[in-house]
1. Against the definition (surrounded by fewer than 14 Cβ atoms within 10 Å (Cβ to Cβ) and among the small types (Gly, Ala, Ser)), how does Gly25 come out, yes or no?
2. Restricting attention to the stretch 44-80, which residues are of a type outside the set (Val, Ile, Thr), in contact (Cβ under 8 Å) with a residue 40 or more places away in the chain and assigned to a strand (DSSP E or B)?
3. Look at the stretch 36-46 and say how many of its residues are within 14 Å of the chain's Cα centre (by Cα) and polar (S, T, N, Q).
4. Report whether or not Ala81 is of a type in the set (Gly, Ala, Ser) and surrounded by 19 or more Cβ atoms within 10 Å (Cβ to Cβ).
5. Look through the stretch 7-35, keep the residues that are part of a loop (DSSP other than H, G, I, E, B) and over 17 Å from Ile90 (Cβ atoms), and return whichever of them is nearest to the chain's Cα centre (by Cα).
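Laboratory data are not the source of any read-out in this text; all were calculated from the coordinates shown. Bear in mind that the values here come from a model prediction, so they are computed numbers and not experimental data. For neighbour counting, all protein chains shown are included, and Cβ atoms are generated from backbone atoms with ideal geometry for every residue, glycine included.
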Amino acid sequence: MSAPKLTEAELTDALTQLPDWTHSGDTITRTVEAKTFPAGIELIRQVAEVAEAANHHPDIDIRWRRVSFTLSTHDSGGLTALDVSLAREIDRLAAQSD
């Protein structure tokens, strides 16, 4: 069973608490600049563990030290509480890697 999509009001409220994330269509995206390429890879590894435990997986792109995360709940056709929760975890892990 898919998770319910967030309403526009819920999404707007969530994004006020996620200032590093941008909303476009059915996704939210954040790019993190790691100190080094290996630090970026380590951040991806940590996010992968959290994502696997939640059974909710981001699209990830790495370009040298820049790691971009894009979230959407594909089987729901948009953004859900799962995306907001994973975005918060990504923010927490990114802050620890600073």
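1. In short, yes.
2. Once the filter is applied, which keeps residues that are of a type outside the set (Val, Ile, Thr), in contact (Cβ under 8 Å) with a residue 40 or more places away in the chain and assigned to a strand (DSSP E or B), the stretch 44-80 yields Phe69, Leu71, Gly78.
3. Start the filter on the stretch 36-46 by keeping residues that are within 14 Å of the chain's Cα centre (by Cα), which leaves 43-46.
The next check asks that each one be polar (S, T, N, Q); those that pass are 46.
Qualifying residue count for the region: 1.
4. When the stated conditions are applied, Ala81 does not pass them.
5. So the first thing to find is which residues in the stretch 7-35 are part of a loop (DSSP other than H, G, I, E, B), and the list is 7, 17-21, 25-26, 34-35.
Now drop any that are not over 17 Å from Ile90 (Cβ atoms), which leaves 7, 25-26.
Working: Thr7: 18, Gly25: 15, Asp26: 13 Å.
This residue is Asp26.
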